[in-house]
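Accompanying notes for the structure given below.
The values are calculated or read from the model by the stated rules, or taken from the named source; none is laboratory data. Keep in mind the model is a prediction, meaning the values are calculated, not measured. Cβ placement follows ideal geometry from the backbone for every residue including glycine, while neighbour counts extend to all protein chains displayed.
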Amino acid sequence: MKLFRLAVRHAKPYWVWVVAVLVLQLISTIAALYLPSLNAQIIDQGISKGDTDFIWSTGMTMIIVCFIQVAAAIGGIYFGARAAMAIGRDLRREVYYRVNALGALDVSRFGTATLITRNTNDVQQVQMLVLMALNFMVSTPIMCIGGIVMALREDVGLSWLLWVSVPLLFIVVGFLVVKLLPLFREMQDRIDTVNGVLREQITGIRVIRAFVREKFESERYREANLNLTRVSVRVGNSFVLMFPAIMMILHLATAAVLWFGGHRVDAGQMQIGSLTAFLQYLLQILVAVMMGVFMVMMIPRAAISAERLDDVLTAEPSLAVPTHRELPVSHAVEFSAVSFGYPGAERPVLNNVSFTAEAGKTTAIVGSTGSGKSTLLNLIPRLFDPLDGSVRIGGVDVSELSRKQMAGLVGLVPQKPYLFSGTVASNLKFGRPDADDDDLWHALTVAQAKDFVEEKPKKLATPIAQGGTNVSGGQRQRLCIARALAARPRIYLFDDSFSALDVATDQRLRESLHGATTGATVIIVAQRISTIREADHIIVLDGGEIVGTGTHDQLLASNETYREIVQSQLSIEGVA
């Protein structure tokens, strides 16, 4: 069972705490079983005979046993909570690192919302079951078996009540657990859906407001929330049935013991103390069964959560982990007959693409929307692997380079600039943690971001909100460029990274970049012709295929697709 394997594997480092819990719960349970017997002795041998000394001595024994029982129970709960919380922490960490090891396609296959749910809600379900199991795994069976033995010692004639009430309780609980299992799976899926809709709406709140789609999106969330509510109500209804059923069995058993036990006392077949002890043992047994029921009720949901966690933990990354390979001396980027398509797509995004971006030169890639420019760029840092062909850096296939090696080689400025919560400095140091302030200011100067950072009271310590939402689009883009520059990679990849800049800033930035990236391989994807016209080599993509290569002037004279792109922006005379 995946749940059992998952729990045992993560509990091994904390075996001392687990053993301590089991020992303390054993002591607590034995002490709890001893108390009714002492109480019966006080009634039958002390009170009925008027033996005050016996009452005092046995009463003191009861107090000592009671203190031992309480202390052991508290200690067991404490160590159980420590172990369960540590297991939950380790499980969350393992899921997090596994997600980080997955490729972009693997993450999209799961979905961001479900990965968040699995690392929070699903881990919590397993964690709570571990906590319940540690506290009741020993006490419940010992209380049940020990309670039955101790009850039979008091009076065998009432034993038939045990054989009726306990199995009846198990039957009721078993029926409801079988009914709950599919509902818990559906509930987790509904939670994923609600998280996905909510995350999408929070991320796209500006677009929603711009198009006045609040009502439509509210309806989407209402529908997702309603579906979750329906499943939750069905689960709640099952729980509503369970508690009255358990309490009814508990009260009927109590009434039966008093009724039939009273007749046995009246007939002289049983003493009052034994009747009291038998009743206490029966209640202890049923309460233990009830607590075991609570744990059993958690198993279906925790089992579903464990399966979902196991899906992530056992997912093999689509990008194979390479063996150690020396870094290439050269950093020219070479595409050899590369083809790539996304899973489920009708046609490939890239088809038989071959070119070389030479070190020390700037290579630009242009093309219409959907021509595969960004996909091509993402193959270089190995965010995806090509279906056919190879991508090489300095003659070494990128699939042979580790992620750490790749991070030192390639600096990517993504199409959608993203900043992390922290400060300007912490974001700029993302690719090179040991960069000093001089390095950061130099990167900001080249990226044309120095002025607006200097204007801030805290300079490099200026807070940045999650996603960089507290700076403008242009500032966010320039900070992302500065982040890549601060890392000092050998290869710079700019994925339409100048789109939010005005023409003047764009020109100043490109002039600064030319000096800052001397000797490096620079590959630029851009829509704006003015951004790439000075590139040493321009590649024109159309429909995932290369339809032209050359300089700006060469393509303007010979390539129809390139001319159409130019004409869509401004006149040929103005560009030429």
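Just one of E217, E307 is at pLDDT 80 or above and under 30 Å from H10 (Cα atoms); which is it?
Exactly one of E217, E307 is at pLDDT 80 or above and under 30 Å from H10 (Cα atoms), namely E307.
How many residues are closer than 16 Å to M270 by Cα and aliphatic (A, V, I, L, M) when one looks only at segment 16-46?
To start, the set of residues in segment 16-46 that are closer than 16 Å to M270 by Cα comprises 36-37, 39-45.
From the residues that got through so far, the ones that are aliphatic (A, V, I, L, M) too are 40, 42-43.
The total comes to 3.
In segment 95-165, which helices (runs of 4 or more DSSP H) lie fully inside it and hold 1 or more residues that are more than 25 Å from I202 (Cα to Cα)?
On the way: elements: 104-110, 112-117, 123-136, 139-154.
Helices (runs of 4 or more DSSP H) meeting the threshold: 123-136, 139-154.
I'm checking my understanding of the structure. Among residues of segment 524-542 that are in contact with a Ser or Thr (Cβ under 6 Å, 6 or more places away or on another chain) and not in a strand (DSSP E or B), which one is nearest to S499 (Cα to Cα)?
My answer is A535.
Yes or no: segment 504-527 includes at least one residue that is surrounded by fewer than 20 Cβ atoms within 10 Å (Cβ to Cβ), closer than 20 Å to K373 by Cα and either touching a Gly at 6+ places or on another chain (Cβ under 6 Å) or in contact (Cβ under 8 Å) with a residue 60 or more places away in the chain (or both).
Yes.
Just checking, does segment 220-239 include any residue being outside any helix (DSSP H, G or I) and of a type in the set (F, W, Y)?
Taking segment 220-239 first, the residues outside any helix (DSSP H, G or I) are none.
Scanning segment 220-239, I find no residue that is outside any helix (DSSP H, G or I) and of a type in the set (F, W, Y), so the answer is no.
Within segment 411-428, is there a residue that is among the aromatic types (F, W, Y), assigned by TED's automatic domain parsing to the domain that holds I524 and surrounded by 16 or more Cβ atoms within 10 Å (Cβ to Cβ)? I'd like the intermediate steps shown before the answer.
Residues of segment 411-428 among the aromatic types (F, W, Y): 418, 420.
Now narrow it down to the ones that are assigned by TED's automatic domain parsing to the domain that holds I524: 418, 420.
Within this subset, residues satisfying the condition of being surrounded by 16 or more Cβ atoms within 10 Å (Cβ to Cβ) are none.
The answer is no; no qualifying residue exists.
Kindly indicate whether any position in segment 50-60 is in contact with a helix residue (DSSP H, G or I) (Cβ under 7 Å, 6 or more places away or on another chain), outside any helix (DSSP H, G or I) and farther than 30 Å from S402 by Cα. Show your work before the answer.
Here is the first cut: in segment 50-60, the ones in contact with a helix residue (DSSP H, G or I) (Cβ under 7 Å, 6 or more places away or on another chain) are 51, 54-55, 58-59.
Add one more test, that the residue is outside any helix (DSSP H, G or I), and what stays is 51.
From what's left, farther than 30 Å from S402 by Cα: 51.
For segment 50-60, residues in contact with a helix residue (DSSP H, G or I) (Cβ under 7 Å, 6 or more places away or on another chain), outside any helix (DSSP H, G or I) and farther than 30 Å from S402 by Cα: present.
Residues to consider are V99, V70, V95, V21; find the one that is surrounded by fewer than 17 Cβ atoms within 10 Å (Cβ to Cβ) and in the same structural domain as M295 (by TED's automatic domain parsing). Steps first, please.
Values: V99 fails: surrounded by fewer than 17 Cβ atoms within 10 Å (Cβ to Cβ); V95 fails: surrounded by fewer than 17 Cβ atoms within 10 Å (Cβ to Cβ); V21 fails: surrounded by fewer than 17 Cβ atoms within 10 Å (Cβ to Cβ).
Only one candidate passes the filter, namely V70.
Determine whether V178 is out of contact with any Pro (no Cβ under 8 Å at 6 or more places or on another chain), surrounded by fewer than 19 Cβ atoms within 10 Å (Cβ to Cβ), modelled with pLDDT under 80 and more than 30 Å from Q280 (Cβ to Cβ). Spell out how you get there, then give the answer.
Details: out of contact with any Pro (no Cβ under 8 Å at 6 or more places or on another chain): yes; surrounded by fewer than 19 Cβ atoms within 10 Å (Cβ to Cβ): yes; modelled with pLDDT under 80: yes; more than 30 Å from Q280 (Cβ to Cβ): yes.
Considered against the rule, which asks whether it is out of contact with any Pro (no Cβ under 8 Å at 6 or more places or on another chain), surrounded by fewer than 19 Cβ atoms within 10 Å (Cβ to Cβ), modelled with pLDDT under 80 and more than 30 Å from Q280 (Cβ to Cβ), V178 comes out as yes.
Give the residues of segment 482-503 that are out of contact with any Gly (no Cβ under 6 Å at 6 or more places or on another chain) and among the small types (G, A, S), sorted by residue number.
Scanning segment 482-503 gives A482, A486, S497, S499.
Pick from segment 432-461 the residues that are surrounded by 19 or more Cβ atoms within 10 Å (Cβ to Cβ) and β-branched (V, I, T): which of them is farthest from R510 (Cα to Cα)?
V453
Which residues, taken from segment 16-56, are touching a residue at least 12 places away in the same chain (Cβ under 8 Å) and among the aromatic types (F, W, Y)?
Matches in segment 16-56: W17, Y34, F54.
Suppose we filter V265, V329, V296 for residues that are surrounded by fewer than 22 Cβ atoms within 10 Å (Cβ to Cβ) and under 30 Å from D44 (Cβ atoms); which single one remains?
Working: V329 fails: under 30 Å from D44 (Cβ atoms); V296 fails: under 30 Å from D44 (Cβ atoms).
Sole residue among the options that is surrounded by fewer than 22 Cβ atoms within 10 Å (Cβ to Cβ) and under 30 Å from D44 (Cβ atoms): V265.
Here's the yes/no breakdown for (1) at pLDDT 90 or above; (2) farther than 14 Å from I380 by Cα; (3) touching a Lys or Arg at 6+ places or on another chain (Cβ under 9 Å); (4) charged (D, E, K, R):
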{"residue": "R325", "(1), (2), (3), (4)": "no, yes, no, yes"}
{"residue": "V329", "(1), (2), (3), (4)": "no, yes, no, no"}
{"residue": "A332", "(1), (2), (3), (4)": "no, no, yes, no"}
{"residue": "G341", "(1), (2), (3), (4)": "no, yes, yes, no"}
{"residue": "G344", "(1), (2), (3), (4)": "no, yes, no, no"}
{"residue": "V349", "(1), (2), (3), (4)": "no, yes, no, no"}
{"residue": "N352", "(1), (2), (3), (4)": "no, yes, no, no"}
{"residue": "A357", "(1), (2), (3), (4)": "no, no, no, no"}
{"residue": "K361", "(1), (2), (3), (4)": "no, yes, no, yes"}
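Checking the conditions here, which among S37, S28 is farther than 23 Å from I77 by Cβ, assigned to a helix (DSSP H, G or I) and either among the hydroxyl-bearing types (S, T, Y) or touching an Asp or Glu at 6+ places or on another chain (Cβ under 6 Å) (or both)?
On the way: S28 fails: farther than 23 Å from I77 by Cβ.
Of the residues listed, the single one that is farther than 23 Å from I77 by Cβ, assigned to a helix (DSSP H, G or I) and either among the hydroxyl-bearing types (S, T, Y) or touching an Asp or Glu at 6+ places or on another chain (Cβ under 6 Å) (or both) is S37.
Being part of a strand (DSSP E or B) and either in the same structural domain as Q415 (by TED's automatic domain parsing) or modelled with pLDDT of 85 or more (or both) is true for just one of F498, F494. Which residue is that?
Working: F498 fails: part of a strand (DSSP E or B).
Matching residue, one of F498, F494: F494.
Looking for something outside the structural domain of G544 (by TED's automatic domain parsing) and under 30 Å from T551 (Cβ atoms) - is there at least one such residue anywhere in segment 345-354? If you could, list the steps in order and put the result at the bottom.
Narrowing segment 345-354 to residues outside the structural domain of G544 (by TED's automatic domain parsing): none.
Among the residues of segment 345-354, not one is outside the structural domain of G544 (by TED's automatic domain parsing) and under 30 Å from T551 (Cβ atoms), which makes the answer no.
For the subset of segment 268-278 comprising residues that are under 24 Å from L35 (Cβ atoms) and touching a Gly at 6+ places or on another chain (Cβ under 7 Å), which member is surrounded by the most Cβ atoms within 10 Å (Cβ to Cβ)? Working first, answer last.
At the first step, the residues of segment 268-278 found to be under 24 Å from L35 (Cβ atoms) are 270-278.
Right, trim to touching a Gly at 6+ places or on another chain (Cβ under 7 Å) and you get 270, 275, 278.
Details: M270: 20, L275: 23, F278: 28.
Looking at residues that are under 24 Å from L35 (Cβ atoms) and touching a Gly at 6+ places or on another chain (Cβ under 7 Å), I get F278.
When the residues of segment 48-67 are narrowed to those that are surrounded by fewer than 15 Cβ atoms within 10 Å (Cβ to Cβ) and either small (G, A, S) or under 16 Å from A277 (Cβ atoms) (or both), which ends up nearest to the chain's Cα centre (by Cα)? Please lay out each step first, then the result.
Narrowing segment 48-67 to residues surrounded by fewer than 15 Cβ atoms within 10 Å (Cβ to Cβ): 48-53, 56-57, 59-60, 63-64, 67.
Subsequent filtering for residues that are either small (G, A, S) or under 16 Å from A277 (Cβ atoms) (or both) retains 48, 50, 57, 59.
Values: S48: 64, G50: 66, S57: 58, G59: 54 Å.
Among those residues, the one meeting the criterion is G59.
Quick grid of which residues meet (1) in contact (Cβ under 8 Å) with a residue 40 or more places away in the chain; (2) under 14 Å from the mean Cα position of the chain (by Cα); (3) not assigned by TED's automatic domain parsing to the domain that holds H10:
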position: A104; (1), (2), (3): yes, no, no
position: V107; (1), (2), (3): no, yes, no
position: T114; (1), (2), (3): yes, yes, no
position: T120; (1), (2), (3): no, yes, no
position: M132; (1), (2), (3): yes, no, no
position: M137; (1), (2), (3): yes, no, no
position: T140; (1), (2), (3): yes, no, no
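Given segment 433-487, what helices (runs of 4 or more DSSP H) lie entirely inside it while holding 3 or more residues that are in contact with a Phe, Trp or Tyr (Cβ under 7 Å, 6 or more places away or on another chain) and either touching a residue at least 24 places away in the same chain (Cβ under 8 Å) or in the same structural domain as P414 (by TED's automatic domain parsing) (or both)? Give the derivation first.
Details: elements: 437-446, 450-454, 473-487.
Here the list reads 473-487.
For A86, all conditions in the list (1) buried (at least 19 other Cβ atoms within 10 Å of the Cβ); (2) in contact (Cβ under 8 Å) with a residue 60 or more places away in the chain hold save one; what is the number of the exception?
Going through (1) buried (at least 19 other Cβ atoms within 10 Å of the Cβ); (2) in contact (Cβ under 8 Å) with a residue 60 or more places away in the chain one by one, A86 breaks only (1).
Say whether the condition of being of a type outside the set (A, V, I, L, M, F, W, C), outside any helix (DSSP H, G or I) and farther than 22 Å from V349 by Cβ is met by at least one residue in segment 557-567. It would help to see each step written out before you state the result.
Taking segment 557-567 as the starting set, the residues that turn out to be of a type outside the set (A, V, I, L, M, F, W, C) are 558-564, 567.
Okay, now just the ones that are also outside any helix (DSSP H, G or I), so 559.
In the following step, the residues that additionally are farther than 22 Å from V349 by Cβ were identified as none.
Looking for residues that are of a type outside the set (A, V, I, L, M, F, W, C), outside any helix (DSSP H, G or I) and farther than 22 Å from V349 by Cβ, one finds none in segment 557-567, hence no.
Just to be sure, is T369 of a type in the set (S, T, Y), in a loop (DSSP other than H, G, I, E, B) and more than 16 Å from P489 (Cα to Cα)? Lay out the reasoning, then the answer.
Values: of a type in the set (S, T, Y): yes; in a loop (DSSP other than H, G, I, E, B): yes; more than 16 Å from P489 (Cα to Cα): yes.
So T369 fits the description; yes.
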